[in-house]
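In what follows, a single structure is set out as structure tokens and then discussed.
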Amino acid sequence: FVGLGASNCLLILELEKRRLLDEKIIIVIEPHQKNKKDKTYCFWSTSDNVEKIIPLDFIDKEWDEVVLNGKVQSLNPLKYYHVSSLTLYEKALKIIKKHDVKILKQALEQVQSSNRIITDNIIYEPKFSFDSRPPVIKKLQKNQFYINQSFVGWQIQTNDEVFDPQSFTMMDFEIPQDNSTQFVYVLPFDSKHALVEVTRFGEEIMSLDEGEKLLKDYLKDYKDYQILDTEKGCIPMTNADITSESFSNIRNMGARAGHVKPSTGYAFRSMSIDASTIADQIARGNEPIDSSNVQSRDNRFAFYDSLLLRILTEKPHLGKPIFKRLFQKIKASDILYFLDEESRLRDELKIFYSLQWKPFIVAALKEFWSHNNPILKSFIPLILSILFLVFQTLNITYLTDVFLVTGLLLIGIPHGAIDHLLETNHFNQTISLKFIALYLVQGAAIVLLWYINPHLALLIFIGYSIFHFSQADFTEWKLNPKISWIWGIFFFCGILLSHPIELNEILNQLSVSELPDISGNVFYSLWQDIAFGCLSLGIIMGFVHRSSAMIATSLFLLITTQLTLIHAFGTYFIYNHSLLGWNHLRSHFQVNSLQLWKKASLFSFGAYAIFLLLYWYFGNDFGNYIGTFFVFLSAISFPHVLRMNNFYKYFKN
């Protein structure tokens, strides 16, 4: 256990409860003495479910009511619970000392490989390591934010009975905001004893002096109080990507695994659920243990968190009026269910309807137009497919051609024209004769295969196309790549089989057997029935993996079944696949689109020249050579797929 904070303590409790620590050698690497209360852990739950989070004897106080905007509200059916960090430390230490345990007071220096941890010049080789060190946040992208939830708190004892022990104050904003969002949090343990804490949501961390000055001002009307203890800390509030585990037997914990909710800083309940999940996996003998399912959040709640983080970062003065309006319009229990991500969509709409519309609309528009937003990139082809369908209905499909040709020139061809950079992973890499020769040989091998065996060539072409397209999608959606081929088959069948007549024309030109004419049960062709079934399964797959991007992509592919095959495939290839690949390359090399386009210009202009030359040569007969175009496309795609596969391996790292 690397670190003995809340996440690892909760895991120790779960493992002991299931007797999974028996006959184990346990190593705890923790440089700090865990012999005092240094943190306050709180969570909310119903009375029936609280023991699923923590044993009741850990809880030293609970509240039925909350004070919001100066008014007392019932939390029914919820209660708010307090756990002292010292209680958690003592219980966990008592458990591990029953077993064969080594507690190392040194900070972790190095993780050398998947089964070797080096500290104090000693090598340990654990079967599993649980790493709760602070997360490593890489450089923030354009749509990512990082602010601090810094706080200073006093535990005070008063001579008079001044506190209501039945209710706690969640956020009292009636203090100076200091160009940030600041509030006071009050937890009364009895009528004379309470934790009074001032908290700041902002980029600048609150100093001890600043916090104590605000506390003195807040408590100025209290007569004769004694400070028993002082708390000071900082919790990260960010939607930035969190570094994944480096090795299969190392499991990230706590904030390092993404359990701090970006918009609030609450983490205890999420860490408890994660501890139970890990214990279940160890009991089943799972190796490796799966990453936490919140490590790469991609759902509507992640979107909500991003909106609030954007507002608190760009317009910190709006924090106070937004929270005050929220507490005024929405019941406390509904707010807590929303923060636990257990609310229904209609409840969430009610919450956002009650808030100030302008800052959230502005934040949402900025979020959607952020270049690295996976939701936006999936909705672009969805919106375009609807637009193209309108063009087709109005018999102005030439506008669709304009969109597709423009996209092909600006993104489609250029995204595959910088493969020379991927050979060495250097942006300033010059083009070598060796690269050109190898590229031509690999492409020529595919052309030769078409000449020898068109059926085998088509099968191989479809195979590496499915692999390449689905690899790009799953990299963007941060899903398990082991199942990407299932998605690839769904969308490829959806695009091709939904246009059986046009597909047969191409197959005929390729000297490949056409699809037999079989009537369908729903549509005029069985192949269309299969296509719509595959795309419907894609939507279901999106819901199973909680991926709004996959759902949006499946929906736009369903719409494109009503377009021509060339328009359907062009929409996917240009405005989904090429756009994703372009953004991945730009993100990896840390350059803008203009810089990337300049690097691609040589091969891009070469492709434009070849295309114009062929179009001029064939004239009106160009459409009769679509089969030849597909052979050419398969030939230049093969070396591109090989290089992009290597790129995605180190892009992921």
Fill in: Å² of accessible area per residue within the chain, as computed with a 1.4 Å probe and no ligands counted
49
Item to complete: Could you calculate the FRET efficiency of ARG284 with ALA444 from 1/(1 + (r/R0)^6), where r is the beta carbon distance between them and R0 is 35 Å, rounded to 0.05?
Response: 0.10
Item to complete: Quick one: dipole size for segment 348-450, taken about the Cα centre, charges +1 on Lys/Arg Cβ and -1 on Asp/Glu Cβ, in debye to the nearest 20.
Response: 260
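What translational D, rounded to a whole number of µm²/s, comes out for segment 195-344 from Stokes-Einstein when the hydrodynamic radius is the Kirkwood one over Cα pairs, at 4 °C and 1.567 mPa s? Please report the intermediate quantities before stating the final value.
Working: Rh = 18.3 Å.
Taking Rh from Cα pairs, D becomes 71 µm²/s.
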Worksheet entry | Coil-residue GluC sites (Glu not before Pro) of segment 480-569, DSSP, other Cβ within 10 Å capped at 14 | GLU514
Worksheet entry | Per principal axis, descending, Cα span of segment 1-44 in whole Å | 32, 30, 15
Practice prompt. Note the full-extension length gain between THR424 and ASN179 as 0.36 nm times their separation in residues minus their Cα-Cα distance, in nm to one decimal.
Written response: 83.5 nm
Worksheet item: Within the accessible area of segment 516-653, what % is carbon and sulfur when the probe is 1.4 Å and the other protein chains stay in place?
Response: 68
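Using 0.36 nm per residue, how much length does the chain from LEU228 to LEU633 gain when fully extended, once their Cα-Cα distance is taken away? Let's see the in-between values first.
Numbers: separation 405, 0.36 × 405 = 145.80 nm, distance 7.45 nm.
138.4 nm is the gain from fully extending LEU228 to LEU633.
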Worksheet item: One-quarter of the Cα convex hull surface for segment 563-607, in nm²?
Response: 3.6
Worksheet, complete the sentence: Filtered hits (lysines, Cα-Cα < 28 Å from LYS97, offset >= 8 within chain) -> LYS17, LYS24, LYS34, LYS36, LYS37, LYS39, LYS52, LYS61, LYS105, LYS127
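As a test of reading the structure, rank ILE137, ILE330, ILE636 by solvent-accessible area (1.4 Å probe, protein chains only), most first.
Values: ILE137 55, ILE330 10, ILE636 75 Å².
Largest accessible area first, the residues go ILE636, ILE137, ILE330.
Per the 1.4 Å probe, what fraction of the accessible area of segment 436-502, in percent, lies on carbon and sulfur atoms? Provide the component values of the computation, followed by the final result.
Values: 2560 of 3190 Å².
The computed percentage sits at 81.
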Discussion item. What is the ratio of the Cα radius of gyration of the chain to 2.2 N^0.38 Å, with N the residue count, to two decimals?
Written reply: 1.14
Practice prompt. Return the Cα extents of segment 170-252 along principal axes one, two and three, sorted largest first, each rounded to a whole Å.
Written response: 57, 31, 22
Response to the item:
Counting only residues 5 or more apart in sequence or on a different chain, those whose built amide H sits under 5 Å from that of LYS61 are HIS82
Worksheet item: What accessible area, in Å² to the nearest ten, does a 1.4 Å probe give for ASP64?
Response: 60
Worksheet item: So what are segment 446-592's ellipsoid semi-axes, whole angstrom, largest first, if each one is the square root of 5 times an eigenvalue of the alpha-carbon gyration tensor?
Response: 26, 21, 13
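May I ask you to rank GLU51, GLU341, GLU197 by accessible area, largest first, using a 1.4 Å probe over the protein chains only?
Numbers: GLU51 115, GLU341 55, GLU197 15 Å².
Highest to lowest solvent-accessible surface, that is GLU51, GLU341, GLU197.
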Discussion item. Just to confirm the filter: which trypsin sites (Lys or Arg not before Pro) across segment 316-370 are DSSP coil and have at most 11 other Cβ within 10 angstrom of their Cβ?
Written reply: ARG344
Practice prompt. Using a 1.4 Å probe over the heavy atoms of the protein chains, calculate the carbon and sulfur portion of the accessible area of segment 84-217 as a whole percent.
Written response: 47
Worksheet item: Which log10 I(q)/I(0) values, to two decimals, does segment 390-476 give at q = 0.16, 0.22 Å⁻¹ under the Debye formula with one point per Cα?
Response: -0.99, -1.16
Worksheet item: Considering the Cα trace of segment 313-468, what is its radius of gyration and what is Dmax, both in angstroms?
Response: 25.5, 75
Discussion item. Antiparallel versus total DSSP beta bridges in the chain: what percent is that, nearest 5?
Written reply: 80
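The values are calculated or read from the model by the stated rules, or taken from the named source; none is laboratory data. Remember, predicted model here, so these are calculated numbers, not experimental data. Note that each Cβ is placed from the backbone with ideal geometry, even for glycine, and that neighbours are counted across all protein chains shown. All accessible areas refer to the heavy atoms of the entire protein, side chains included, with ligands and DNA or RNA removed. Shrake-Rupley method; radii C 1.70, N 1.55, O 1.52, S 1.80 Å.
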